[in-house]
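Following: one structure in structure tokens, then a few remarks.
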Amino acid sequence: MLVMTAKVDKKKIAIILVAIVVAAAGLVTLLSGGEDTEPTVSTGVANNDARVAFLKAFGWEVTTSPVESSQVRIPADSTEVFERYNALQKSQGYDLSAYPGKTVMRYVYQVNNYPGATEPVYATLLIYKDQVIGGDITDTSAKGVVRGFRMPDDSETSPSDASTQPDTT
């Protein structure tokens, strides 16, 4: 009977195992990345409670049911209006240009705690595959603003600062 022994270096085994894990992770990423390349910026918002919770995370108190829900199509061709609105989206980590021609759900909620509001204020969420891909908060007053989801501070809601241009901060 022949018996062979070998000295095993634990460092070499650890390096080989790490290399195998990295290679497997790279292969999984490569194989799953080619089919659906649209970005997902938020966690899932598959139901109304999740959408309300999403807005509440920014400090907004909204009606518990949307005042409007509809399907909208993201333009396949860029226009000046789309670019201005998408600049607002990009300022908050979204990019609607990644969804050309896609039909998305639009949910509109009435905001009940917009600082200094005298007219209705609405929160709009754009949802694709149960993910928030964009949206805004719109103050409908004459000097109202269209802004990102972030709650404004007192200086941002004073009448002298208000404009109808999207807030890009």
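The values are calculated or read from the model by the stated rules, or taken from the named source; none is laboratory data. All values reported here derive from a predicted model rather than from experimental measurement. Quick reminder, even Gly has a Cβ in these numbers, built from the backbone with ideal geometry, and neighbours come from all protein chains shown. With ligands, DNA and RNA removed, areas are computed over all heavy atoms of the protein, side chains included. Shrake-Rupley method; radii C 1.70, N 1.55, O 1.52, S 1.80 Å.
In segment 71-79, is there at least one residue being open to solvent by 40 Å² or more (accessible area, probe 1.4 Å), closer than 15 Å to ILE137 by Cα and among the aliphatic types (A, V, I, L, M)? The answer is no; no qualifying residue exists. Across segment 102-114, the qualifying residues are those that are in contact with a Lys or Arg (Cβ under 8 Å, 6 or more places away or on another chain) and more than 16 Å from ALA57 (Cβ to Cβ), and the one among them that is least open to solvent (accessible area, probe 1.4 Å) is VAL104.
Kindly indicate whether any position in segment 92-100 is more than 14 Å from the chain's Cα centre (by Cα) and either small (Gly, Ala, Ser) or over 20 Å from VAL145 (Cβ atoms) (or both). Checked against the condition, which is being more than 14 Å from the chain's Cα centre (by Cα) and either small (Gly, Ala, Ser) or over 20 Å from VAL145 (Cβ atoms) (or both), segment 92-100 yields at least one hit. Collect the residues in segment 115-130 that are open to solvent by less than 40 Å² (accessible area, probe 1.4 Å) and modelled with pLDDT under 95, keeping them in residue-number order. The answer is PRO115, and nothing else. Would you check if GLU61 is among the charged types (D, E, K, R), exposed (fewer than 12 other Cβ atoms within 10 Å of the Cβ) and either out of contact with any strand residue (DSSP E or B) (no Cβ under 7 Å at 6 or more places or on another chain) or modelled with pLDDT of 70 or more (or both)? No: the conditions fail for GLU61.
On the basis of being of a type in the set (A, V, I, L, M, F, W, C) and at pLDDT 95 or above, does VAL41 make the cut? It is false that VAL41 is of a type in the set (A, V, I, L, M, F, W, C) and at pLDDT 95 or above.
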